[in-house]
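**Student:** Okay, here's the structure, questions in a sec.
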Amino acid sequence: MHRPVITGTGVFTPDNVITNAELVTAFNAYADLFNTENAAAISAGTVEAKEHSSEDFIVKASGIRQRYVIDKSGVLDPAVMHPLLRQRDDDEPSLMAEMGVDAARKALLQAGRTASDVDLVVCAASNMERAYPAVAIEIQQLLGVSGFAFDMNVACSSATFGIQAAADMVRSGSIRSALVINPEICSAHLEWRDRDCHFIFGDVATATLIERRDAASGAHFEILSTRCATDFSNNIRNNNGYLRRSRPAGMADRRDMQFMQNGRKVFKEVLPMVSDHIAAHMQSEGIAADDLKRLWLHQANKTMNDFIGRKVLGRTPAPEEQPNILQDYANTSSAGSIIAFSKYSDDLAEGDAGLICSFGAGYSVGSVLLRRHS
Ligand code: CO8
């Protein structure tokens, strides 16, 4: 049995930022346009008028101040309201692969490794650019990794579930090391025309390198244990999929083919699920609240994270104990907790324990208990 460790992480951040001010200006122009175009139906009561969005609401309800996106021109055009992404030739790297390769190279560099040290690539994300061939296998080829690769999807929990799969394989000896890569193009499955959710998501890619402890040359985090759980719910759902063509006509732009959620219910149901999950995981490993030096939580909502932090530690965590990145990146689905880990873990001391936890659609929750070694 080998002891799995995280030796490197990488984050790819798109060049384009959309601030809340820009987002709300575009949304409100779209709403005005919609209301003008549908004035007769709105006054007849057959179509509902669109209400304006507000910066104050967004910050108060979520803590989000801006988001990075691959394309902002389409998102901010009131006549378009979705990203405009060039159709790539089959011989070019696909977009998810390109983002994933960038993050993966940064993780390898941090660990002082090359592609030849890696046996497995997992592309774990909440949506895939195509059905097949697997994006992971394309990333494997672009990096020059031998061995094998596969895609997996557990929505927001994809990264932690991927880390569990990779860590178990390292532990058993079936692989030496794995890259778990999370390219999230959330902008392409977000409904930018719905004020209830248009502010929630952003684009990013993260990568985590998992190796055997005896191969690690520098500072690293030992994966003490992982825990995953799921419980079916329709409260976060997207009905897009390959059966679309087989359905009756008129289904090209249906609301439920983009991200749908009942945010209030998610908030209420997921909070106890996550708090209980983390408490049970820590208890089973004999880690007390006082032993935990850092919580790298899923980045969906600041109030949600404040609540979980208080529940887990039994007191209000200091900002550095539970770092948030959602104010800058918004919700980046599976990548959020890994961005927080990547940016806020270097300062931990030998022997310090920390926990990564992601949660979301499924419902799903995954946690990874770590110990720092220098
Ligand atoms: N501007 C102004 N007012 C608004 C806006 C807006 N933009 N949006 C809504 N309002 C109004 C509402 O209409 C409502 O008005 P009224 O009281 O008159 O009905 C009022 O403001 C309050 O609205 P809510 O009750 O909806 O507000 P909340 O305080 O509940 O905040 C949140 C909404 C932020 C969505 C909150 O409920 C939340 O964060 N919930 C948890 C969400 C969560 O964690 N979801 C996880 C999803 S991520 C995931 O699993 C990944 C899925 C795959 C990735 C998808 C990528 C696209």
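**Student:** Run the simple label-point estimate for Ser225 and Arg247 please: 7 Å along Cα→C-beta, distance reported in nm.
**Tutor:** According to this spin-label approximation, the distance is 4.2 nm.
**Student:** Under the 0.36 nm per residue contour assumption, what length would be gained going from the current alpha-carbon distance of Ala39 and Gln283 to full extension?
**Tutor:** 82.0 nm
**Student:** Between Lys268 and Asp91, what is 0.36 nm times their sequence separation minus the Cα-Cα distance? Round to one decimal in nm.
**Tutor:** Full extension from Lys268 to Asp91 adds 59.1 nm.
**Student:** Using only Cα atoms, locate the centre of segment 131-149 and the centre of segment 195-234, then give the distance between them in Å, rounded to an integer.
**Tutor:** 19 Å
**Student:** Moving on to the next point. How big is segment 222-373 by Rg and Dmax over its Cα atoms, in Å?
**Tutor:** Both quantities, over Cα of segment 222-373: 17.5, 61 Å.
**Student:** Moving to a separate point now. Measure off, as a whole percent, the carbon and sulfur share of the 1.4 Å-probe accessible area of segment 1-92, all protein chains present.
**Tutor:** Carbon with sulfur: 50 percent of the solvent-accessible area.
**Student:** What do you get for trypsin sites (Lys or Arg not before Pro) in segment 25-94 restricted to DSSP loop and a cutoff of at most 10 other Cβ within 10 Å of the site's Cβ?
**Tutor:** Arg86
**Student:** Can I ask one more? Heavy atoms only, probe 1.4 angstrom, no DNA, RNA or ligands counted: give me Glu51, Glu321 ranked by accessible area, highest first.
**Tutor:** So, going from the largest accessible area down, we get Glu51, Glu321.
**Student:** Determine ³J(HN,Hα), in whole Hz, for all residues of segment 214-228 in sequence, where each value follows from phi through the Karplus function 6.51 cos²θ - 1.76 cosθ + 1.60 and θ = phi - 60°; x replaces Gly and Pro.
**Tutor:** 6, 9, 6, 9, x, 4, 7, 10, 6, 7, 5, 6, 10, 8, 10
**Student:** What residue among Ala39, Ala340, Ala125 has the largest mean-square fluctuation in a Gaussian network model of the chain, using Cα springs under 10 Å?
**Tutor:** Ala39
**Student:** Apply the Karplus parameterisation 6.51 cos²θ - 1.76 cosθ + 1.60, with θ equal to phi minus 60°, to every residue of segment 65-79 and state each ³J(HN,Hα) to the nearest whole Hz, in sequence, with x for glycine and proline.
**Tutor:** Those phi angles translate into 10, 7, 8, 8, 9, 5, 9, 9, 4, x, 4, 8, 8, x, 8 Hz.
**Student:** State, to one decimal in nm, how far the label point of Ser374 lies from the label point of Asn234, with both points 7 Å from Cα in the Cβ direction.
**Tutor:** In this crude label model, Ser374 to Asn234 measures out at 5.4 nm.
**Student:** Using a 1.4 Å probe on the protein heavy atoms only, what accessible surface does Val101 show? Give it in Å² to the nearest 10.
**Tutor:** Answer for Val101: close to 10 Å² accessible.
**Student:** Compute the projected area of the convex hull of the Cα atoms of the chain, averaged over all viewing directions, and report it in nm² to one decimal place.
**Tutor:** 19.1 nm²
**Student:** Right, next: Over segment 8-135, what portion of Cα pair distances is larger than 23 Å, expressed as a whole percent?
**Tutor:** For segment 8-135, the share of Cα pairs beyond 23 Å comes to 54 percent.
**Student:** Let me ask you something else. Per residue, how much accessible area does segment 92-202 have with a 1.4 Å probe, in Å²?
**Tutor:** Value for segment 92-202: 35 Å² per residue.
**Student:** List every residue whose amide H lies under 5 Å from the amide H of Met152, counting only residues 5 or more places away in sequence or on a different chain, with H placed 1.01 Å from N in the peptide plane.
**Tutor:** Here Cys123, Ala124, Ala125 satisfy the definition.
**Student:** Rounded to the nearest whole Å², what accessible area per residue is found for segment 229-288 with the 1.4 Å probe?
**Tutor:** Ligands and nucleic acids excluded, the result is 68 Å² per residue.
**Student:** What trypsin sites (Lys or Arg not before Pro) does segment 203-278 have in DSSP loop regions with at most 14 other beta carbons within 10 Å?
**Tutor:** Arg254
**Student:** Related question: Over segment 222-373, with every protein chain in place, what whole percent of the accessible area is carbon and sulfur at 1.4 Å, could you tell me?
**Tutor:** 49 percent
**Student:** Which GluC sites (Glu not before Pro) in segment 194-296 pass both tests, a DSSP loop state and at most 16 other beta-carbon atoms within 10 Å?
**Tutor:** Sparse-neighbourhood loop GluC sites (Glu not before Pro): Glu285.
**Student:** Right, next: What number comes out for the charge environment of Gly362, summing +1 per Lys or Arg and -1 per Asp or Glu over other residues with Cβ under 12 Å away?
**Tutor:** After counting each charged neighbour, the total is -1.
**Student:** Rounded to a whole number, what % of the accessible area of segment 107-148 do carbon and sulfur atoms account for, probe 1.4 Å?
**Tutor:** Percent of accessible area from carbon and sulfur atoms in segment 107-148: 57.
**Student:** I've got another one for you. Please report the net charge: other residues with Cβ closer than 11 Å to the Cβ of Asp117, K and R +1, D and E -1.
**Tutor:** Here the count lands on +1.
**Student:** Can you work out the Karplus-derived ³J(HN,Hα) for every residue in segment 110-123? Use 6.51 cos²θ - 1.76 cosθ + 1.60 with θ = phi - 60°, whole Hz, and x for glycine or proline.
**Tutor:** 4, 8, x, 10, 10, 4, 5, 7, 9, 10, 9, 10, 10, 9
The values are calculated or read from the model by the stated rules, or taken from the named source; none is laboratory data. Note that this is a predicted model, so its numbers are computed, not measured. Don't worry about glycine lacking a Cβ; one is built from the backbone with ideal geometry, like all the others, and counts go over all protein chains shown. Accessible surface is based on the protein model in full, side chains and every heavy atom, while ligands, DNA and RNA are left aside. Shrake-Rupley method; radii C 1.70, N 1.55, O 1.52, S 1.80 Å.
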